[in-house]
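Okay, so here's the structure we're looking at.
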Amino acid sequence: MFDVHCHILPGIDDGSKDVQMSLEMLRRESEQGIEGVIFTPHFYAAQNDPQTFLERRDKALHELESHLGELDNPPRHLVGAEVHYFRGMSRAEDLEKLCIGRSDYILIEMPFRDWQPVFIDEIEEISTVLGLHVIIAHIERYMDQDKKLVRRLVDNPNHLIQCNAEFFIEKKTASKAVKFLKKGKIDLLGSDSHNLDERRPNLSEALSIIEKVDKKGALDHIERMSRTVFEQAL
Ligand SMILES: [Fe+2]
């Protein structure tokens, strides 16, 4: 399994504070049997242009890579970004530079304010105009949005839907997560881990829940999709 969404790169966003924390997070990923991790620091267009963001990301990556030898068996890794929605993103120059590795998969975080149809139009145009493959980050955070708009996003075959491990782990959302899984709506899982405490690497906890309830090969689907994304990005 691959963790397709996490904030393990040191000192670049509200995730890992320093290299030591990043190394411990990676150690926990490999302890949980995670084969590869995609580092997806937050990208906010209002704070950085893509070029500046990429320079900061490279710096954090090199710093971490220079210490990876301290781990016995580090998971493989790639870089991407968690791109926060912004108006006009489907026409933004350099958007494709924020894709995961060499792939055309882009992880997008939708707005938390009330959704408007134009938000969904914009996301659809990222596929239809730019030809990128959209991955919607942590879909469970948008369950209170306009149902019709959520359905438009989720049911679009051009989109991959990612949910966080905590959707399955948290008691108050677990049954909703299982329902969603059984409907075949989940393509990818991420830890979205930020630290070693309340937002720690936790994919294996969700995987063991999914294993117990899965009858229709949903786990295989998630495994296969995560491998596809990772391998296309190499
Ligand atoms: Fe995230």
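Around L9, what is the net charge, scoring Lys/Arg as +1 and Asp/Glu as -1 over all other residues with Cβ under 12 Å from its Cβ? Write out the running numbers ahead of the final one.
Details: positive: K17, R56, R57, K59; negative: D13, D14, D18, D58, E63, E65, E82.
Local net charge: -3.
Provide H7, H84 ordered by accessible surface of protein heavy atoms (probe 1.4 Å), highest first. The partial results should precede the final answer.
Numbers: H7 0, H84 40 Å².
Of H7, H84, the descending order of accessible area is H84, H7.
Over region 160-204, with the other protein chains present, what is the accessible area per residue in square angstrom, probe 1.4 angstrom? Don't skip to the answer; put the middle values down first.
Details: 1970 Å² over 45 residues.
It amounts to 44 Å² per residue over region 160-204.
Return the carbon/sulfur percentage of the accessible area of the chain, one whole number, probe 1.4 Å, all protein chains in place. Present the calculation step by step, with values, prior to reporting the outcome.
Details: 5190 of 10940 Å².
Accessible surface attributable to carbon and sulfur in the chain totals 47 percent.
Using a Förster distance of 35 Å, how high is the FRET efficiency between Q20 and T52, based on the Cβ-Cβ distance and rounded to 0.05? Spell out each step's value before the answer.
Details: r = 26 Å, r/R0 = 0.74.
Calculated transfer efficiency: 0.85.
Heads up, I need the accessible area for K17: 1.4 angstrom probe, whole protein in place, Å², nearest 10.
Accessible surface of K17 is approximately 150 Å².
From the convex hull of the Cα coordinates of region 165-234, what is the mean projected area in square nanometres?
Values: hull surface 20.2 nm².
So the mean shadow area of the Cα hull is 5.0 nm².
Just from its helices, what would the mean residue ellipticity at 222 nm be for the chain, if runs of 4 or more DSSP H residues each count -39500 (n - 2.57) and the sum is divided by every residue, rounded to the nearest 500 deg cm²/dmol?
-12000 deg cm²/dmol
What's the tally of Lys pairs in region 169-234 whose alpha-carbon atoms lie under 14 angstrom apart, where the two lysines are 8 or more places apart or on different chains?
Qualifying lysine pairs in region 169-234: 11.
How big, on average over all directions, is the shadow cast by the Cα convex hull of the chain, in nm²?
Values: hull surface 47.1 nm².
Average of the hull's projected areas for the chain equals 11.8 nm².
For D58, D187, write out the residues from largest to smallest accessible area, computed with a 1.4 angstrom probe and no ligands counted.
Details: D58 65, D187 20 Å².
The most accessible residue leads, giving D58, D187.
Once the dipole of region 1-145 is set up with Lys and Arg at +1 and Asp and Glu at -1 on Cβ about the Cα centre, which of A60, F43, Y105 lies farthest towards its positive end?
After comparing all options, I get A60.
What nm distance separates the two modelled labels at D114 and L234, each placed 7 Å from Cα along Cα→Cβ?
4.8 nm
Return, for the Cα atoms of region 57-109, the radius of gyration and Dmax in Å, separated by a comma.
According to the Cα coordinates of region 57-109, Rg and Dmax are 14.2, 44 Å.
With a probe of 1.4 Å, find how much accessible area region 101-147 has per residue, and write the answer as a whole number in Å².
On the way: 2060 Å² over 47 residues.
It amounts to 44 Å² per residue over region 101-147.
First select every other residue whose beta carbon is under 13 angstrom from the beta carbon of L68; then total the charges, Lys and Arg +1, Asp and Glu -1.
Working: positive: R27, R76; negative: E24, E29, E63, E65, E70, D72.
Taking every Cβ under 13 Å from that of L68, the sum is -4.
Quick one: order R87, R76, R199, R224 from most to least accessible surface, probe 1.4 Å. Let's see the in-between values first.
Values: R87 170, R76 95, R199 70, R224 135 Å².
Result, largest first: R87, R224, R76, R199.
How much length is gained if the chain between R151 and S175 is pulled fully straight, taking 0.36 nm per residue apart and subtracting their Cα-Cα distance, in nm to one decimal?
Roughly 6.7 nm would be gained on extension.
The values are calculated or read from the model by the stated rules, or taken from the named source; none is laboratory data. Please read all numbers here as calculations on a predicted model, not as lab measurements. Don't worry about glycine lacking a Cβ; one is built from the backbone with ideal geometry, like all the others, and counts go over all protein chains shown. Only protein heavy atoms, including side chains, enter the accessible area calculation; ligands, DNA and RNA are left aside. Shrake-Rupley method; radii C 1.70, N 1.55, O 1.52, S 1.80 Å.
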